[in-house]
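Down below is the structure, laid out as structure tokens.
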Amino acid sequence: MLRKFFTSHSLRNLLYVLLLLGIALGLGYLASRHHVQRDITFNASNSLEPASVTVLSQLAGPVNITVYATLQDARLGDIRKIIREFVSLYQRYKPDLKLVFIDPEKEPEKTRAARVQLNGEMIIEYAGRSEHLTQINEQTVTSTLLRLAHTTNQTLMYLDGHGERKLDGGANHDLGLLFGAKLKKNGFKISSLNLAIAQDVPDNTRVLVITQPQVDLMPGEVDKLLRYVERGGNLLWLIDAEPLHGLERLAEKLELQLPPGIVIDPSAIEMNAPATWSLGTSYPPHAITNGFNLITAYPVARPLAWNENPNWQHHVLVDAAANGWVSQTQGDKLVDGNHLSGHTFDKQRDVKGPVVIALALNRNINDVEQRIVVVGNGAFLANSFAGNGGNVDLGVNMVNWLARDEQLITLQPRAAKDSNIVLSKTQLTVISATFLFGLPLLLAGFGGYIWWARRRA
């Protein structure tokens, strides 16, 4: 009987069909219980950027997205399908993200109550807060989620009234067009602070930013700054290679040494940058620099040093000019900024690199951690230079750490892969001949051989 079963052609076919059905049903069951997706596109175009995934992982509660869109749009067609496919990328990493569509034509009262103006407008709600979006792409959606993730007061103030760089200014030396704009997009409220008028640094200041003053601060203003530091205020201090104009007492309070001179980095010349630019290419481990490997550039930076103090912990963030030095000459031999112009290391006056140009300090005051970042350069975040490398990303990382939002620290974007293939004329000729003549002749020869073999059999 068993022998008959194995020799029966029909029974073998039946067993084969039953086996295929069993495998198909088993795979279907596994697929329904375990969701596995892989993006095999060349540029991972069907996946979110790592920074977006990081933001989603920090959202503890559900996210509701309501889209006011008709079934068909005159310009885009099935707009709901486009939005649904886009939002599904976020739902892949956050299953409790809920998407709801409302037709403005069928429910005009709801549309008016929500103050919706455009077809396809999106409202994102999280933790009792909401924002409207009229442009829907990964950058805008992730930035909105990042803003909504800020659950505490994020007031960022900058010292003003002495010719400092403005955090919301548009001049070349100001910080507003790139750095300030990115901070606003990430949910920070930016405001100026004139200590000649204000009684003190406001208590709701999350981070105070001090840039290079051009005139002296009055002693009373410095007293207010010192009181802010004494009570544990967080501070970002950008110091240019210029006189401190009254901030010497602040440097003493932080146990900082600010030796004279500017950093000379010969490696900058290899990047077609002036020798007076310092390049940050590697970064010591710290919450600000974890996973950060973009090049940063610091025009005319000054060195930083410090006195050891058990109350403060010091962490180097950027050291540059490993093959350079700190020049005491400050430019009289630097005739051409793009060349060393005969300027060489003077062992009698100059200090050999590497040079620390960014530093993080922290200490505990009344069981609360105080955080301070000092950078020996303010120009690296200025409108004229902030677009170089990862300058803005590093600056935002510094502010997020100071605001105790290190979980929202910006990750550098995934590098775009070059999908273009450049072939020489010879290579194109070989490929064309292979596919147009070689492959068809090979298949014809193989077919002829099979035909000849069967004829002989």
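Taken together, the values in this text are just the output of simple stated rules run on the coordinates, not laboratory data. Bear in mind the structure is a predicted one, so any value in this text is a computation, not a measurement. All Cβ positions, glycine included, derive from the backbone under ideal geometry; neighbour counts span all protein chains shown.
Determine ³J(HN,Hα), in whole Hz, for all residues of the range 244-253 in sequence, where each value follows from phi through the Karplus function 6.51 cos²θ - 1.76 cosθ + 1.60 and θ = phi - 60°; x replaces Gly and Pro.
So the J values, rounded to whole Hz, are 7, 6, x, 8, 4, 5, 5, 4, 5, 4.
Give me a comma-separated list of calculated 3J(HN,Hα) values for the range 443-455, in order, Karplus coefficients 6.51, -1.76, 1.60 applied at θ = phi - 60°, integers in Hz, x for any Gly or Pro.
For the range 443-455, the Karplus curve yields 5, 5, x, 5, x, x, 5, 5, 4, 5, 5, 5, 4 Hz.
For Q58 and R349, FRET efficiency with R0 = 60 Å and r from the beta-carbon atoms, rounded to 0.05?
Here the calculated transfer efficiency is 0.75.
G353's amide H: which non-local residues (gap 5+, or another chain) put their own amide H closer than 5 Å, with H modeled 1.01 Å from N in plane and none for Pro or chain starts?
G324, W325, V326
Taking the alpha-carbon distance from K253 and a cut-off under 30 Å, which lysines remain once sequence neighbours fewer than 8 residues away in the same chain are dropped?
K166, K189, K224, K352
Give me the angle, in degrees from 0 to 90, between the Cα long axis of helix 391-402 and the longest principal axis of the Cα atoms of the chain, rounded to the nearest 10.
Once rounded, one gets 70 degrees.
What angle do you read, to the nearest 10 degrees and between 0 and 90, between the alpha-carbon axis of helix 138-149 and the longest principal axis of the chain?
Between helix and principal axis, roughly 60 degrees.
Near K185, which aspartates and glutamates are there with a Cα under 19 Å away, not counting those fewer than 8 places off in the same chain?
E49, E121, E125, E131, E138, D168, D174, D393, D405, E406
Tell me, what is the percent relative contact order of the chain, built from C-alpha pairs under 8 Å that lie six or more residues apart?
About 13 percent, as a whole number.
Using the basic label-point model (7 angstrom from Cα toward the beta carbon), what is the K189 to Q72 distance in nanometres?
It is 4.6 nm.
List the lysines whose Cα sits under 20 Å from the Cα of K81, skipping any in the same chain fewer than 8 residues away.
The qualifying lysines are K94, K98, K106.
Here are a few candidate values for mean projected area of the Cα convex hull in nm²: (1) 20.5; (2) 28.0; (3) 40.6. Which one was actually calculated from the structure I just gave you?
Entry (3).
A444 to Q214: extension gain in nm, 0.36 nm per residue of separation minus the Cα-Cα distance?
Taking 0.36 nm per residue and subtracting the Cα distance, the gain is 74.5 nm.
Kindly state, to the nearest 0.05, the FRET efficiency for H245 paired with Q139, given R0 = 41 Å and r defined as their beta-carbon distance.
With R0 = 41 Å, the Cβ-Cβ based efficiency is 0.55.
I need the calculated FRET efficiency for the pair E252 and A113, taking r as the beta carbon distance and R₀ as 56 Å, to the nearest 0.05. Write out the running numbers ahead of the final one.
On the way: r = 58 Å, r/R0 = 1.04.
E between E252 and A113, to the nearest 0.05, is 0.45.
So how do 226-235, 427-436 stack up, highest first, on mean other-Cβ count within 10 Å?
226-235, 427-436
Report the relative contact order of the range 106-174, percent, no decimals, based on alpha-carbon pairs under 8 angstrom and at least 6 residues apart.
17
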